[in-house]
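Notes to accompany the following structure.
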Amino acid sequence: MANMTKIDGNAFRQMMAAASSWLAENKEKVDSLNVFPVPDGDTGTNMSLTFQSAVEELTKVGSNKIGDLAQALARGALMGARGNSGVILSQLLRGFAQEADGKDTLDGLGLAKCLSGASKMAYRAVIKPVEGTILTVAREAGEASLRAAREKNDAHFVLKRFIAKANVSLENTPTHLPVLKEAGVVDAGGAGYVTIWEGAMKFIDGDLTSTAIKTDKVTSFAGVLSDEDIEFRYCTEFIIQGKNIPQNDIKDYLLKLGNSLIVVGDEDLVKVHVHTNNPGLALEKAVKYGELAKIKIENMAEQNREAVSSGKAKWNTDTGAVAFKSAQRAEVEQEIGIVSIAAGEGINEIMSSLGANRVVSGGQTMNPSTADILKAVEECPAKSVIILPNNKNIIFTAKQVPSVTKKEVFVVESRSIPQGIKALLSYDLDLSAEENFQNMSTAITEVKTGEVTFAVRDTNMNGIQIAEQDIIGLAEGKIQAVGKEVPTVVKELVSKLVDDKSAVLTLYYGNDIEAEAAEALQNELQESYPDLEVEVYKGSQPLYYYLISVE
């Protein structure tokens, strides 16, 4: 297909499936570009999961028109968006779809307009665009594609020039952002975007075969597949909580049972998603490695039949939102509901006890999608819902939810678990949703957050030399303490967080810390800070030994 002057619907489907496969194969490389050496480098994983959701949406489209397929791709990306990078990717695809609207195929100029339009939409979606990021890569490559189209109206030629410029732009991102230069990496989001289009080009050039998406059995009814098209009927999801969980073994086994496999997490907490005809075998294998939680098994064939009869949703191409058709909801039981995002059984219990109606599992390395948060919002028995993201990388995703629900939704920009807990403590049942939103937004500014974790690679940050596996203490997201022992780093970090106005110091210990060790540290801190009220709670959060709150 190297001489492809125009892209038709069939080619577009396979290009996008190949792009998804290539990104999935290279997501760990993208993850490794995280500036901070902490175990939350999930840009590649977030973009891959987002794009997988986008490509899966193509299976629901009977039309082979580029415009219809691009709209489906954008819709799937929005609902599957995870993290800031996933949301920006969804907006890039939305801009692409806007330019492709009404087109049957794309020639070189049409493709260039779509690639350039993708960049413009993404810039509009970001409140404060920062150069040296995925935005710069998309813009400069999009401009190059327009120049190429004027030189030669050939889709293959245009895409080749686009990718060449995108790689140059990516290599230059450290010149825009000193933090990238200091860390010795290029922008992770930009790398993910380049990887997507390189995968598409590899399919055109015959270097990558697309098997991730079927194109010969799509029915003529948009949004519906026949039962025969669903090779693996049960969408199976669960979380494994254990020690030293062998993700590769799980992947190898589950690949034999089905497809659409996603295995993400760390050694102690792994989230699994697989389409299979034997969910029992998947669970039987998983339970060998730890306790299972959040088990969900859905019959996709049954869901498909229900969708045929109900026609629950329609994509609004003007607003980029999903308009739901008279979906029946449970009777409203209260005026305000709260959806909070957290990781760790202890943290979940604390948030539920403080009034959160739904706690969505997620956090570092496990950012929930727009659809995950939307589901929780829809399940809340309330007219108005307040969302607490509790992670800076989830805020952008949470802000997509108001556009895809009829409920009144407010997003408090909580950037950490301590901020989320502080917001819940300020919740007042006698106030309106908007008044609570304002109070919560003010409350989160009154707490300082500390985090203690470990370094995943050698680096130098702010003049501090860090070795892989060093214990790292972050105060308000900035590295302030480095050492070899967790208690030592905690005490140094606390000294940076506490001032003469501080009254309460709270520690939430993670699943790698024993209760006795946490209590011993509490006693030491109480002795060092007799004027403070020092509290310790079991958080059970992964990756972070301690989360620290100072008020």
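The values are calculated or read from the model by the stated rules, or taken from the named source; none is laboratory data. Predicted model, so just to flag it, every value in this text is computed and none were measured. Note that we place each Cβ from the backbone using ideal geometry, even for glycine, and neighbour counts take in every protein chain shown.
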**OP:** Consider I240 carefully, then state whether it is in a strand (DSSP E or B), at pLDDT 80 or above, in contact with a Phe, Trp or Tyr (Cβ under 9 Å, 6 or more places away or on another chain) and not acidic (D, E).
**Re:** yes
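Being surrounded by 20 or more Cβ atoms within 10 Å (Cβ to Cβ) and in contact with a Ser or Thr (Cβ under 7 Å, 6 or more places away or on another chain) narrows it down to one residue among V452, V412; which is it? Explain how you work it out, then say what you get.
Values: V452 fails: in contact with a Ser or Thr (Cβ under 7 Å, 6 or more places away or on another chain).
Selected residue: V412, the only one of V452, V412 that is surrounded by 20 or more Cβ atoms within 10 Å (Cβ to Cβ) and in contact with a Ser or Thr (Cβ under 7 Å, 6 or more places away or on another chain).
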Subject >> Residue check, A382 surrounded by fewer than 22 Cβ atoms within 10 Å (Cβ to Cβ) and in contact (Cβ under 8 Å) with a residue 60 or more places away in the chain >> reply: no
Subject >> Sole exception among (1) part of a loop (DSSP other than H, G, I, E, B); (2) of a type outside the set (A, V, I, L, M, F, W, C); (3) under 23 Å from the mean Cα position of the chain (by Cα) for R75, by number >> reply: (1)
**OP:** Check off (1) of a type outside the set (D, E); (2) out of contact with any Phe, Trp or Tyr (no Cβ under 6 Å at 6 or more places or on another chain); (3) farther than 20 Å from A423 by Cα for G477 and give me the number that stays unchecked.
**Re:** (3)
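In the range 441-457, which residue that is aliphatic (A, V, I, L, M) and part of a helix (DSSP H, G or I) is farthest from Q541 (Cα to Cα)? Give the steps one after another, and end with the answer.
Within the range 441-457, the subset aliphatic (A, V, I, L, M) is 443-444, 447, 452, 455-456.
With part of a helix (DSSP H, G or I) added as a condition, the list becomes 443-444.
Numbers: A443: 23, I444: 20 Å.
Out of the qualifying residues, it is A443.
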**OP:** Report, ordered by the first and then the second residue, all pairs with beta carbons closer than 7 Å, sequence separation of six or more or different chains, a first member in the range 153-165 that is free of Cβ contacts under 8 Å to residues at least 24 places away in the same chain, and a second member that is part of a helix (DSSP H, G or I) and buried (at least 19 other Cβ atoms within 10 Å of the Cβ).
**Re:** R161/A144; R161/S145; R161/A148
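Could you tell me which residue of the range 514-530 is surrounded by the most Cβ atoms within 10 Å (Cβ to Cβ), considering only residues that are acidic (D, E) and more than 34 Å from the chain's Cα centre (by Cα)?
The selected residue is E524.
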Original post:
Looking at the range 458-551, what strands (runs of 3 or more DSSP E) fall wholly within it and have at least 2 residues that are free of Cβ contacts under 8 Å to residues at least 60 places away in the same chain and of a type outside the set (V, I, T)?
Top reply: 471-475, 478-483, 504-509, 533-538
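For the range 350-424, please list each of the strands (runs of 3 or more DSSP E) lying entirely inside it that holds at least 3 residues being closer than 17 Å to N439 by Cβ and either assigned by TED's automatic domain parsing to the domain that holds I336 or touching a helix residue (DSSP H, G or I) at 6+ places or on another chain (Cβ under 9 Å) (or both).
Values: elements: 358-361, 382-388, 408-411.
Correct list: 382-388, 408-411.
Could we say that R124 is modelled with pLDDT of 95 or more, among the basic types (K, R) and not in a loop (DSSP other than H, G, I, E, B) here? Break it down into steps so the answer makes sense when it comes.
Details: modelled with pLDDT of 95 or more: no; among the basic types (K, R): yes; not in a loop (DSSP other than H, G, I, E, B): yes.
Spelling it out, it is not the case that R124 is modelled with pLDDT of 95 or more, among the basic types (K, R) and not in a loop (DSSP other than H, G, I, E, B).
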**OP:** Report whether or not K312 is of a type in the set (K, R) and at pLDDT 50 or above.
**Re:** no
Original post:
For the range 234-245, what are the residues that are more than 17 Å from E298 (Cβ to Cβ) and either exposed (fewer than 12 other Cβ atoms within 10 Å of the Cβ) or hydroxyl-bearing (S, T, Y) (or both)?
Top reply: K243, N244
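Specify which of the listed residues (G86, G110, G102) is out of contact with any Asp or Glu (no Cβ under 7 Å at 6 or more places or on another chain), over 20 Å from G190 (Cβ atoms) and either in contact (Cβ under 8 Å) with a residue 60 or more places away in the chain or in a helix (DSSP H, G or I) (or both). I'd like the intermediate steps shown before the answer.
Working: G86 fails: over 20 Å from G190 (Cβ atoms); G102 fails: either in contact (Cβ under 8 Å) with a residue 60 or more places away in the chain or in a helix (DSSP H, G or I) (or both).
The conditions single out G110.
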Original post:
surrounded by 20 or more Cβ atoms within 10 Å (Cβ to Cβ), modelled with pLDDT of 90 or more, among the polar types (S, T, N, Q) and more than 22 Å from D499 (Cβ to Cβ), is that true of T459?
Top reply: no
**OP:** State whether the residues of the range 134-151 include one that is touching a residue at least 12 places away in the same chain (Cβ under 8 Å), in contact with a helix residue (DSSP H, G or I) (Cβ under 9 Å, 6 or more places away or on another chain) and in a loop (DSSP other than H, G, I, E, B).
**Re:** no
Subject >> Residue ID - modelled with the lowest pLDDT, chosen from residues in the range 422-456 that are acidic (D, E) and under 23 Å from L493 (Cβ atoms) >> reply: E446
